[in-house]
Amino acid sequence: MSIRYKIAFLFAGLVCFILLCLCTAVYMLSARERSNLFHTRLKNRATATANTVAHSKDGNFGILGMLDNSSVASLQHKTIMVLNFHGSLVYRYSDNPGLAFNMSPQVVEQTKIRGEYYFKTDNREAFAIHLVNSDNNFIVAIAAEDIDGAAFLKNLRKLLTWSFIIAVLL
């Protein structure tokens, strides 16, 4: 094999490697961004629920139930729970009652220690927040599935794979 072909194959291999690294980096950064965005959505929903509960002086969660039932489905397969300081359930809402989850004592303890805690339960992302002030001491937890994010990443993976294959063949 002549030196000319060796240099051409080496150059082609280097370009393919750089392109593969670029596609991988784009996918990984997009996956991280989607994860961060979904965590922010979970945190915002938990914080809004915690604020609603904190302003409910009589302990009646009827207004919270109406808000949860009428809310736009920005989070799919969601479950929202409010627990008192001792970890006893005082309110639960779920889009699908079969998807309800229970917080383990370890998750409750980590939430109390950290104030905020992200975790996974039943293939869903979850977030818990501990609200403590002079009148209240409770934990709000929300779990939901990022269906839109998973679909976006699946389409991005297809796009990057086909782009890489076509670029290599050209």
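The values are calculated or read from the model by the stated rules, or taken from the named source; none is laboratory data. Computed from a predicted model, the values in this text were never measured in an experiment. Note that each Cβ is placed from the backbone with ideal geometry, even for glycine, and that neighbours are counted across all protein chains shown. When the accessible area is computed, the model is the full protein with side chains, heavy atoms only, and any ligands, DNA or RNA have been set aside. Shrake-Rupley method; radii C 1.70, N 1.55, O 1.52, S 1.80 Å.
Looking at the stretch 130-143, I want the residues that are over 24 Å from residue 75 (Cβ atoms) and touching a residue at least 40 places away in the same chain (Cβ under 8 Å) and have a partner that is among the basic types (Lys, Arg) and surrounded by fewer than 18 Cβ atoms within 10 Å (Cβ to Cβ) with Cβ atoms under 9 Å, at least 6 apart or on another chain. Which pairs are those? The qualifying pairs are 135/57. When the stretch 87-117 is filtered for residues that are among the hydroxyl-bearing types (Ser, Thr, Tyr) and touching an Asp or Glu at 6+ places or on another chain (Cβ under 7 Å), only 93 remains.
Yes/no per residue for (1) open to solvent by 70 Å² or more (accessible area, probe 1.4 Å); (2) not hydroxyl-bearing (Ser, Thr, Tyr):
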| site | (1), (2) |
| --- | --- |
| 88 | no, no |
| 94 | no, no |
| 118 | yes, no |
| 121 | no, no |
| 132 | yes, yes |
| 139 | no, yes |
| 142 | no, yes |
| 148 | yes, yes |
| 170 | yes, yes |
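Scanning the stretch 110-156 for residues that are assigned to a strand (DSSP E or B), under 10 Å from the mean Cα position of the chain (by Cα) and of a type outside the set (A, V, I, L, M, F, W, C) yields 118, 120, 124, 125, 145.
Inside the stretch 136-146, residues that are touching a helix residue (DSSP H, G or I) at 6+ places or on another chain (Cβ under 7 Å) and farther than 15 Å from residue 42 by Cα make up a count of 2.
For the stretch 1-17, a residue qualifies if it is open to solvent by 100 Å² or more (accessible area, probe 1.4 Å) and either within 45 Å of the chain's Cα centre (by Cα) or within 20 Å of residue 162 (Cβ to Cβ) (or both), and the qualifying residues are 9, 10, 11, 17. Might you let me know whether the stretch 28-49 holds any residue that is modelled with pLDDT under 85 and surrounded by 14 or more Cβ atoms within 10 Å (Cβ to Cβ)? Checking the stretch 28-49: not a single residue is modelled with pLDDT under 85 and surrounded by 14 or more Cβ atoms within 10 Å (Cβ to Cβ).
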